[in-house]
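Following: one structure in structure tokens, then a few remarks.
We did not get these values from a lab; they are worked out from the coordinates using the rules stated. Quick caveat, the model's predicted, so the values are computed rather than measured. So basically every Cβ, Gly included, is an ideal-geometry build from the backbone, and we count neighbours across all protein chains shown.
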Amino acid sequence: MSNEYQLADGSPRYGHRTASASAVQAAPPGSAPAEVAEGAAELSLDVMAAAIDRRLRSAWADEPDPAVEALRRENPEELAAARALVRLHLGSQRQWRIKAQAVRDKQLAAVWARRRAAGRSREVLALRLGLMAALIAPPAYIVATRPDDILKLLLAGIACFAFAVVAGHFLTCRARVPAMPNIRGPWLAELREDVVNATIVALLENKGAPPDSVTAAAARRGWESIQAASRAIGALNT
């Protein structure tokens, strides 16, 4: 990355900094290149799942756009700077997922409070403890009385596994826990690249050398799709 996109300590010029390069603070005016990554850091798991579904349903996402690929290839410094910005705000892919989980947990705090107020949490805890005892008792009894009977121990293990699946499903339904989104790594990586593409356009605009309107629209299309998914989930949750 050239010095144009780096500060003296090696951190991205367009990121938010304190004395430590890894610390993040409020965005100063005019730092548009960082806004996309900042927005991505505020997504919840539900929005990620909706954005992935929307992307998978979109014809434009079936194959890489040649115009976007050319934009990335012809602007290696901006590509490197965009990736550095995205990593600064999102961290690794695993860290991004953890951030999204924290956002989801915060959004569901009112739901958990209602469950506690209704006594549902204590009920589910008691059921879970009962389930644990029911799963431990048969193998423990076999080990204590017939430690050499491997076949019975194996059959008991299979039965306990099947019972755990069925009982776990019952407990989840009983607790009325909102369904956990299924986030697959390769598809999440595609969302991350959409964030990178939109950031490249912002960097070029900040530099005073914006790409043509068709290329800019193609590069921003993924991020706009994520925003559309976010608005849809927000409307569902209001």
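Based solely on its DSSP helices, what 222 nm [θ] is calculated for the chain when runs of n ≥ 4 H residues each add -39,500 (n - 2.57) and the sum is averaged over all residues, nearest 500 deg cm²/dmol?
-23500 deg cm²/dmol
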Exercise. Starting from the Cα gyration tensor of the stretch 93-190, multiply each eigenvalue by 5, take the square root, and state the resulting semi-axes largest first in whole Å.
Key: 35, 21, 10
Quiz prompt | Listed values (i) 0.94; (ii) 1.18; (iii) 1.15, entry calculated as Rg/Rh (Cα atoms, Kirkwood Rh) | solution = (iii)
Quiz item: How much length is gained if the chain between Ala140 and Leu154 is pulled fully straight, taking 0.36 nm per residue apart and subtracting their Cα-Cα distance, in nm to one decimal?
Solution: 3.8 nm
Quiz item: Binning every alpha carbon pair distance of the stretch 118-175 at 10 Å from zero, what are the percents per bin?
Solution: 23, 42, 23, 11, 1
Practice problem: Would you kindly derive the ³J(HN,Hα) couplings of the stretch 144-151 from the backbone phi angles with the Karplus curve 6.51 cos²θ - 1.76 cosθ + 1.60 (θ = phi - 60°), listing them in order in whole Hz, with x for Gly and Pro? | Solution: 6, 9, 9, x, 8, 8, 5, 5
Quiz prompt | Cβ-based exposure ranking for Val68, Val165, Val143, in which fewest neighbours within 10 Å come first | solution = Val165, Val143, Val68
Quiz item: Which one of Arg116, Arg54, Arg87 has the biggest mean-square fluctuation once the chain is modelled by GNM with Cα springs under 10 Å?
Solution: Arg116
Exercise. Express in nm, to one decimal, how much length is gained between Glu190 and Val177 on full extension, taking 0.36 nm for each residue of separation and deducting their alpha carbon distance.
Key: 1.8 nm
Quiz item: Mind checking which of Pro210, Pro186, Pro33 has the largest fluctuation in a GNM of the chain, springs on alpha carbons under 10 Å?
Solution: Pro186
